[in-house]
Structure formats: C-alpha cells, structure tokens
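The values are calculated or read from the model by the stated rules, or taken from the named source; none is laboratory data. What you see is a predicted model, and the numbers here were worked out from it, not measured in a lab. Using ideal geometry, Cβ is built from the backbone for each residue, glycine included, and neighbour counts are taken over all protein chains shown.
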C-alpha cells in the first residue's frame, strides 16, 4: 500500500505542500480498506514523507524521490545532502551514542571497541585502505546503545563519509593524529567520562569535516541512503 501511494504521488506529480487524497478517496481508488490506507500513510509520516494535520488533511512534506521501497518492502530514505549537513547530523548522533554507550554498555562491549581500535591502527599504519576499520570503530560504540535505529543511522553516515577517507591521510603526522583522536574517544568511554568523550568526538568530527572539504566542495551534493 505504501508503494501504491508513492506511485500515485509520482504519477500525479504532487509537490511539497500539496494535499493528498483522503483515506476514503484512497480506499476507493485502490479498492482497499481505510485501515490499510491509514497504516500506509502512518508509515510515510514516520519517515517524514507526509504530514497529517487534524482537520485539514494529509500533505506532502518532502520530495517523494527521497523515499523509496526496497525489495523487502522496508522504507529507505534517500537524499542529496552536503558534507556540512552530514557532519552536523553525525556529530549530534555520535554524541548521543557515546552518552548511551557510557550509560548502558558493558566492559565486554567496550573491549569490542578496543579490538576495533587495534584494527584501525593496523590499517592506518600499514597504509592500507582504512575507512571500513574507522566505520567499524564507530559502529561498535553505537551497538552499545541497544538502539537499532541509532546504529543503522550512524553506520549509514559513517559509510557515506568513508568513501572519501582512504584518500585523506598523508604522512606520519596525520596518521598519528587520526589514531589519537579515536583513542581519546575510547579512553573517555572506558572512564565513562561524558564531558571528555564529548570533547574528543567534537574534535574528531571537526577535523574529519575539515579534511573531507579538502577533497569535496562544501556545497557539493552527496548521495546519502539510510535503510
């Protein structure tokens, strides 16, 4: 049903702010129950595609090209965004993940972050592609939160940024800086020190954004998918 409504929006060339048909109208158009329509609109609302306003109706909230269905019928968010936008969101979510990891994570889970840190060191110092190792470090922290949506979002953001990272590190000084920034995050988590981990994450995210902007213009549109 969600897919049918998406096709309808595309076929009718509806734009952001346009009003959608009512539940009853969709029900008659697709020959389905109002309950099926209501649940589909609810799913689209959760994903930010539409907005239902009591007494007024349901309106298109974001370009429908940003919302697609994968083969399993799971909603996937797809958009063109800038490096600045990605890093603003990623910084906020990394800070949240670190707080939750400190509150909820076990020592055994922190040891998994330790292992990811060792993999990152080896990749960076060997000169081999290291972006995946960097992503794994942040994913291990996100796993400690127990929040699957936060985990998936951080994984998607880190993977998107990771496509540029392998071209960034040049020289021993940058290698050591990159390793030290991750180690500072890990040390703060071991100490369960939120103030220290916030400082370490903000420094790391700021440096990452600056480094990537050496390769990509700040206004360049980046293809981003979260699923």
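Results, tabulated for the structure shown:
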read-out: Residue match in region 116-131 (condition: more than 18 Å from residue 214 (Cβ to Cβ) and under 16 Å from the mean Cα position of the chain (by Cα)); value: no
read-out: Residue within region 124-136 that is at pLDDT 85 or above and either assigned to a loop (DSSP other than H, G, I, E, B) or in contact with a strand residue (DSSP E or B) (Cβ under 9 Å, 6 or more places away or on another chain) (or both) present; value: no
